[in-house]
1. Whether any residue in the stretch 88-109 is polar (S, T, N, Q) and over 30 Å from residue 8 (Cβ atoms) is what I want to check.
2. Which members of the stretch 18-53 meet the condition of being open to solvent by 30 Å² or more (accessible area, probe 1.4 Å) and in contact with a strand residue (DSSP E or B) (Cβ under 8 Å, 6 or more places away or on another chain)?
3. Does any residue of the stretch 59-79 turn out to be modelled with pLDDT under 85, open to solvent by less than 90 Å² (accessible area, probe 1.4 Å) and more than 22 Å from residue 128 (Cα to Cα)?
4. Given (1) open to solvent by 70 Å² or more (accessible area, probe 1.4 Å); (2) modelled with pLDDT under 95; (3) farther than 24 Å from residue 93 by Cβ, where does residue 56 come up short, assuming only one miss?
5. Identify, please: which residue in the stretch 80-138 is small (Gly, Ala, Ser) and loosely packed, with under 12 Cβ neighbours inside 10 Å and is, among those, modelled with the lowest pLDDT?
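The values are calculated or read from the model by the stated rules, or taken from the named source; none is laboratory data. Values in this document were obtained by computation on a predicted structure and should not be read as measured data. Here the Cβ positions follow ideal geometry from the backbone for every residue, glycine too, while neighbour counts run over all protein chains shown. The area values use the complete protein model at the heavy-atom level, side chains included, leaving out ligands, DNA and RNA. Shrake-Rupley method; radii C 1.70, N 1.55, O 1.52, S 1.80 Å.
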Amino acid sequence: MIEIVLGVWFACLSLSAIVVSINFYLTRKQLQSRSLQILNQNLVKIDLFWSNSNADFNTLTENAIQLDARKTLRNTLLVGFLGIASVPGFLLLTAVVLSVRFLARSRKEVATFRSELAERDLSKDEVERLVSELRHIH
């Protein structure tokens, strides 16, 4: 009987490690994406940056972009620890990762990354205009 329990636990541990690894990789890829880099290059012109951890515009301070990236990766790992030790934990982890990846994107985030802000270098006036339009989306 103990072999079955250990087998199930090990299987869940292995599957959880795979889910955590994939989620961490996709998060790192998102943080290094060209669209995020262009978006932040444009937002720097008006002293803002895109916060992945808050999914919103934030005021730019020293090292804010790097600190937000670290916070995002840390949160990704913390969520990953949900499924380490049990079958229900693995199922919960899988549900959380899938919902965060595919369902839990705000309209503002979708609109921001579909806007010109994330596509090309813009003038300060264009950036201000687009950000003021996007701030009204919730």
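1. So far as the stretch 88-109 goes, yes, one or more of its residues are polar (S, T, N, Q) and over 30 Å from residue 8 (Cβ atoms).
2. Within the stretch 18-53, 47 is the sole residue that qualifies.
3. yes
4. That leaves (1) as the condition not met.
5. So, considering only residues that are small (Gly, Ala, Ser) and loosely packed, with under 12 Cβ neighbours inside 10 Å, the one modelled with the lowest pLDDT is 104.
Here is a yes/no grid of residues against (1) closer than 14 Å to residue 31 by Cβ; (2) in contact with a helix residue (DSSP H, G or I) (Cβ under 7 Å, 6 or more places away or on another chain); (3) not charged (D, E, K, R):
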position: 61; (1), (2), (3): no, no, yes
position: 68; (1), (2), (3): yes, no, no
position: 77; (1), (2), (3): yes, yes, yes
position: 84; (1), (2), (3): no, yes, yes
position: 88; (1), (2), (3): no, no, yes
position: 95; (1), (2), (3): no, no, yes
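For (1) closer than 30 Å to residue 126 by Cα; (2) within 16 Å of the chain's Cα centre (by Cα); (3) among the aromatic types (Phe, Trp, Tyr), each residue gets a yes or a no:
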{"position": "13", "(1), (2), (3)": "no, no, no"}
{"position": "25", "(1), (2), (3)": "no, yes, yes"}
{"position": "31", "(1), (2), (3)": "yes, yes, no"}
{"position": "46", "(1), (2), (3)": "yes, no, no"}
{"position": "61", "(1), (2), (3)": "yes, no, no"}
{"position": "74", "(1), (2), (3)": "no, yes, no"}
{"position": "86", "(1), (2), (3)": "no, no, no"}
{"position": "98", "(1), (2), (3)": "no, yes, no"}
